[in-house]
1. Just grab the label-to-label distance for T159 and A133, each label 7 Å out from Cα along the Cβ direction, in nm (one decimal).
2. Using the Karplus curve 6.51 cos²θ - 1.76 cosθ + 1.60 with θ = phi - 60°, what ³J(HN,Hα) values do you get for each residue of segment 151-158, in whole Hz, with x for Gly and Pro?
3. Beta carbons within 10 angstrom, averaged per residue: use that to sort the peptides 16-25, 167-176, highest first.
4. Mind listing the long-range amide H neighbours of R15? Cut-off is under 5 Å, sequence gap 5 or more, other chains count too, H placed in the peptide plane at 1.01 Å from N.
5. Return the sequence-ordered ³J(HN,Hα) values of segment 171-176 in whole Hz as given by the Karplus equation 6.51 cos²θ - 1.76 cosθ + 1.60 applied to θ = phi - 60°, using x for Gly and Pro.
6. Quick one: helix 30-44 against the long Cα principal axis of the chain, what's the angle to the nearest 10°, folded into 0 to 90?
7. Taking 7 Å along the Cα-to-C-beta vector as the label spot, tell me the E30-Y97 distance in nanometres, rounded to one decimal.
8. Mean separation of Cα pairs under 8 Å and 6+ residues apart, divided by the residue count of the chain: what relative contact order is that in percent?
Amino acid sequence: MELAVYNIKGEDTGRKVTLSDEVFGVDVNEHVVWLDVKQFLANQRQGTHKSKERSEVSGSTRKLHKQKGGGGSRIGDINSPVLVGGGRVFGPRPRNYSFKLNKKVKQLARKSALTSKLADNQIMVIEDFSFEAPKTKQFAAVLDALKVNGKKVLLVMPTMDKNVNLSLRNVPGARMMAAADLNTYAILNNNVMLLSEKSVEVVNNL
């Protein structure tokens, strides 16, 4: 499939780029997309949560009253989970949430996400550009010209451009990534993907 190339003024340059059918024209597999997103989010978790159990709570281990004959329920020490300030039963412990996915599964998920994005007309191709100095106003003007201002935007470049990255980081919802670092979550977590011309070559070979 071919897409028109726009310049940073929002004008059609007359050029077109070809998007590979092997990447942007696959049968969308929603399950592998879900798996890949689930793995990405699981890998972000620190897993450092911890609550104190009965043996870790500070308190006396003396039995509060005798077992029988008092007319009340049986009870042990003051650290019992049924008492206020007692330990927690089966509370969270530090753990690793990450899990493995096969390389080909992740590859299919990425291609499915790109195919879905293209089908929803949420991909635009723009000419390669750079800024002489970091200017948030300049990048905001680019978004205005492309009529995507106010939307969640992912700018994909062949490599990270320092001045462009510094220019967009204060724009709400805007993010930049190198084409080789694209993942399923990043592809889906935006309203518009702006692909630079040179990055298309990289994405076509993902």
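Derivation of every value follows stated rules applied to the coordinates shown; laboratory data play no part. This is a predicted model, so every value here is computed, not measured. Every residue, glycine as well, gets a Cβ built from its backbone with ideal geometry; the counts of neighbours run over all protein chains shown.
1. Each label point is offset 7 Å from its Cα along the Cβ direction, giving 2.4 nm.
2. Couplings: 9, 7, 10, 10, 9, 10, 10, x Hz.
3. Per-residue Cβ counts within 10 Å, averaged per peptide and sorted highest first, yield 167-176, 16-25.
4. V5
5. The phi angles translate into 8, x, x, 9, 8, 10 Hz.
6. 60 degrees
7. If labels sit at E30 and Y97, their model points lie 2.4 nm apart.
8. Dividing the mean separation by the residue count of the chain yields 26 percent.
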